[in-house]
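Everything on this sheet refers to the single structure shown next.
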Amino acid sequence: MSLYSLSKLIYSLNRDPVAKAQFLSEPAKLADNFDLTAEERDAFVSHDVGKMYVLGVNGQILMHMAALCGIEWSDYLQRMRDGVKTHGPVREGIYAMTTGTDEKVAGA
Amino acid sequence: MSLYSLSKLIYSLNRDPVAKAQFLSEPAKLADNFDLTAEERDAFVSHDVGKMYVLGVNGQILMHMAALCGIEWSDYLQRMRDGVKTHGPVREGIYAMTTGTDEKVAGA
Amino acid sequence: MSLVFTGVCSHAPGITGREERAPKDQRDALYGAYAEMRDALHAARPDAVIIIAAEHFANFFMNNMPAYAVGMAQSYQGPIEDPEWLRIPARTQPGNAELSKRLIAEMLQTVDVAYCEEWQFDHGIMVPLHFLDPESKLTVIPANINCQGPPLTPLHRAWAFGEAIRRAADSVPERIALVATGGISHWPATPDSGRINEEWDRTFLDKWLANDRDGMMDYTDADTYAEAGQGGFEIRTFIAAAAAAGGPGKLRFYAPIPIYAVGCTVAEMEIA
Amino acid sequence: MSLVFTGVCSHAPGITGREERAPKDQRDALYGAYAEMRDALHAARPDAVIIIAAEHFANFFMNNMPAYAVGMAQSYQGPIEDPEWLRIPARTQPGNAELSKRLIAEMLQTVDVAYCEEWQFDHGIMVPLHFLDPESKLTVIPANINCQGPPLTPLHRAWAFGEAIRRAADSVPERIALVATGGISHWPATPDSGRINEEWDRTFLDKWLANDRDGMMDYTDADTYAEAGQGGFEIRTFIAAAAAAGGPGKLRFYAPIPIYAVGCTVAEMEIA
Ligand SMILES: [Fe+3]
Ligand SMILES: [Fe+3]
């Protein structure tokens, strides 16, 4: 249930002001409270939205983390597309990508 | 919803090891995270089980806090009875006391 | 007293957060439709408005994911998102815990709702409120249907939830309004964001406007996902509204607006 | 494959935590009854055991209080209480997330359960497990009925939950056992702790053993509270078990034991 842990970490971050503050100051320490793989931990700490999307994090959670990191909307979409290009299709979770990685549906 | 806040504080305490540790080292600081009246805060910080019972905290939450404070079972029941003797009947919440304050039903 | 108003509308965060990036005529027509619905809602003089949302992991996570949930607090805060990002200022909305409790007790006779003595609004409720109650004057009771994390509640139970809301509303002396919010086809927050299946949307809307129960039940989640994206799961909120209202619907606005990432919809339904 | 076992038992923390303070003959007879039930449960060779508890604010609080909840994790930890206080060592119990998901999807057809990808066991599940599975060998799927914080789910929905569990169990290839745990009359964790209404208990048990649905439905929460205490709300777990099993019951043990704070009960029910 490692994807569950990563998702829960981002869920907490999205709703808890204390976690938000810690995320901005010491993200690695915040991540230590959750049972993550090294790959998940690295993606989280380095704000690697594309990788987290490929790891299966639901976009409805990821979107808010992206906003918190100051990632603009079209850039957020592009990073997910780039994630799929670099790391391959979404590995787990419930949503697969249904358009091409070079296809920009909106927000181009 | 102040009783709600006090109850939630004790609920968190019962299930969260981090909160437990903070409760033992700096209970006042833990209480600061919750929106309590002065009366609730005092009762919580001083482990006043009888008062918290009268304030309406559900016994199923209070029981575990009592155990955490090292209060033995019969003593826990007696403290609730004493709380009612000192502060009057339960003020809020869903449970009223149905036996007399001097009646010991079990655990005497 | 009874259910006095039922409406449905979109809640996509882009509607406010990326307002200026849509074609101006579309933006203006959509905003105008929300304003018309606002006037109709207030004209119904509700004592409380139940807002059925399909929230997005703001309050509910897979550690305890209720199929149905109803708020039971005296007030609610929102948005949980960065107000700058959503472009909706933080606000406190009045609730009514005691009224919630009476409504929930009645709903529980047939639908197993979770009750919530606290609740933070995300864009699913904030976007509708921003348009329908700009001054935070209405008493709101939030409700939720899990449309995000499978296993999802089946469509016929969403209908049962709507029926329970209607029965509960009719059982209290207060005037109750109902607003359901959700997208029809959309692929929100994914690289597919902006895809909209207009044909699918219009077919669903036709069924909804006719309050055709059987037609609305005739979707599997697999088909919905394939043709309407994960956002299409939110048709549950429209279905609950139709069950509660019982009458035919009236469409104020529909247009696919890719930068808002949803087929934007504003509609009302007669109480029958 | 089907439901292969149904039993009910008490879960009061005093049964283990204050073991030696009861009369020895009562303690021995109760412990013996649990051992008999353990043997019967294991003899049924279940692939998984659903344990319906009425937990006490260990996982569920009034911020999101589901009427019905079912676990969907690969393992579970407990007890949430101090192991010294409960005198039950901490353990990890195997779960089966994938089986949970199939069962939950079927239950959702008629009952709106919350699903939970994590769950910490409190005494409501730990005390039964301590007796019924001392070596943590069984695959467990926890379930919960809100019997603590009003508004409570009505008794006829607890019956519907039992029916849904039965239908779900019959729909999977695995052998499913069911254990429901709760008190009958009791006033747990209050100054009235130790009060037990034996007459009320025996009347309820007679109805339960006869699987008399109408008789079991014939309680209001107000009457139950007055005559059987807040702990009496937990009859919901017994009712769900009766609905799932369908047959008559067999009482292995009943005795009011005040220091254990409940009318201690161990019983099984035929699958019909
Ligand atoms: Fe949505
Ligand atoms: Fe209990």
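Taken together, the values in this text are just the output of simple stated rules run on the coordinates, not laboratory data. Not measured: the values here are computed from a predicted model. Quick reminder, even Gly has a Cβ in these numbers, built from the backbone with ideal geometry, and neighbours come from all protein chains shown.
Tabulated data
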| quantity | calculated |
| --- | --- |
| Inter-copy label distances at residue C:26 (7 Å, Cα→Cβ; nm, one decimal) | 7.4 |
| Estimated dipole of chain B in Debye, rounded to 20 [Cβ of Lys and Arg +1, of Asp and Glu -1, Cα centre] | 160 debye |
| Cβ crowding within 10 Å averaged over residues, with C:207-220, D:72-85 ranked highest first | D:72-85, C:207-220 |
| Total formal charge among the other residues, if their Cβ is under 11 angstrom from that of residue B:79, Lys/Arg +1 and Asp/Glu -1 | -1 |
| Furthest towards positive pole of dipole, C:171, C:254, C:238, structure part the stretch C:154-257, Cβ charges | C:171 |
| Residue D:141 long-range amide H proximity, modeled H, under 5 Å | D:49, D:50, D:51 |
| Amide H contacts under 5 Å for residue C:114, placed H, 5+ residues apart | C:68, C:69, C:70, D:67 |
| Label-to-label distance, nm, for residues given as residue C:171 and residue D:163 (7 Å Cα→Cβ offset) | 1.8 nm |
| Cut-off under 5 Å, modelled amide H: who pairs with residue D:180 long-range | D:7, D:8, D:9, D:52 |
| Reach of residue B:85 by Cα under 17 Å, taken over lysines that are not fewer than 8 positions away in the same chain | B:51, B:104 |
| Estimated FRET transfer efficiency (residue C:74, residue C:105; beta-carbon r; R0 25 Å; 0.05) | 0.90 |
| For the stretch C:128-193, alpha-carbon Rg over 2.2 N^0.38 Å | 1.40 |
| Hydrodynamic radius (Kirkwood) for the stretch D:69-115, which is based on Cα pairs only, to one decimal in Å | 12.1 Å |
| Listed residues D:148, D:161, D:131: farthest to the positive end of the dipole of the stretch D:126-221 (Cβ charges) | D:161 |
| Residue-wise HN-Hα coupling along the stretch D:175-181, computed from phi with Karplus coefficients 6.51, -1.76, 1.60 (Hz; x: Gly, Pro) | 8, 10, 9, 10, 10, 10, 10 |
| Teacher prompt: residue A:29 distances to equivalent labels in other copies, 7 Å Cα→Cβ, nm | 1.2 |
| Label geometry 7 Å along the beta-carbon vector: residue C:209 inter-copy distances in nm | 6.5 |
| Within 10 Å of each Cβ in C:145-156, the average number of Cβ atoms from other chains | 4 |
| Reach of residue C:250 by Cα under 29 Å, taken over lysines that are not fewer than 8 positions away in the same chain | C:24, C:137, C:207 |
| Chain A, closest residue to the rotation axis toward B, by beta-carbon, whole angstrom | A:18, 6 |
| Hz values of 3J(HN,Hα) by residue in the stretch D:78-88 - Karplus curve (6.51, -1.76, 1.60), Gly and Pro given as x | x, x, 6, 6, 4, x, 5, 5, 7, 6, 10 |
| Surface/4 estimate of mean projected area, convex hull on alpha-carbon atoms of the stretch C:202-260, nm² | 4.3 nm² |
| Contact order relative to length of the stretch D:135-272, as percent, for alpha carbon pairs under 8 angstrom and 6 or more apart | 31 percent |
| Cα convex hull volume per residue for the protein assembly as shown (Å³) | 148 Å³ |
| R0 of 30 Å, Cβ-Cβ distance residue A:98-residue C:270: FRET efficiency to nearest 0.05 | 0.25 |
| Sequence-distant lysines (8 or more away, or on other chains) whose Cα lies within less than 18 Å of residue A:29 | A:8, A:20 |
| The stretch D:2-259, relative contact order in percent, only Cα pairs under 8 angstrom and at least six apart counted | 30 percent |
| Cβ-placed point charges (K, R +1; D, E -1), dipole of the stretch D:2-259 about Cα centre in debye, nearest 20 | 460 debye |
| P(r) histogram, all alpha-carbon pairs of the stretch D:2-259 included - 5 Å bins from 0, percent | 1, 6, 14, 19, 22, 18, 13, 5, 1, 0 |
| Cα convex hull of the stretch C:150-272, projected area averaged across orientations, nm² | 7.6 nm² |
| Label-point separation, residue B:16 to residue D:21 (7 Å along Cα→Cβ), nm | 3.1 nm |
| Neighbour-count order for C:62, A:63, fewest beta carbons within 10 angstrom listed first | C:62, A:63 |
| Alpha-carbon centroids, the stretch C:106-126 and the stretch C:216-265: separation in whole Å | 20 Å |
| Average Cα contact separation per residue, chain A, under 8 Å, 6 or more apart, as relative contact order % | 26 percent |
| Antiparallel DSSP beta bridges within the protein assembly as shown, as percent of all bridges there, nearest 5 | 50 percent |
| Förster radius 22 Å - calculated FRET efficiency between residue C:202 and residue C:222, Cβ distance, rounded to 0.05 | 0.55 |
| Net charge of Cβ neighbours under 15 Å - reference residue C:209; Lys, Arg +1; Asp, Glu -1 | -1 |
| Ascending count of other beta-carbon atoms within 10 Å, so fewest first, for C:224, D:92 | D:92, C:224 |
| Residue order, fewest to most surrounding Cβ atoms within 10 angstrom, among A:82, D:25, A:16 | D:25, A:16, A:82 |
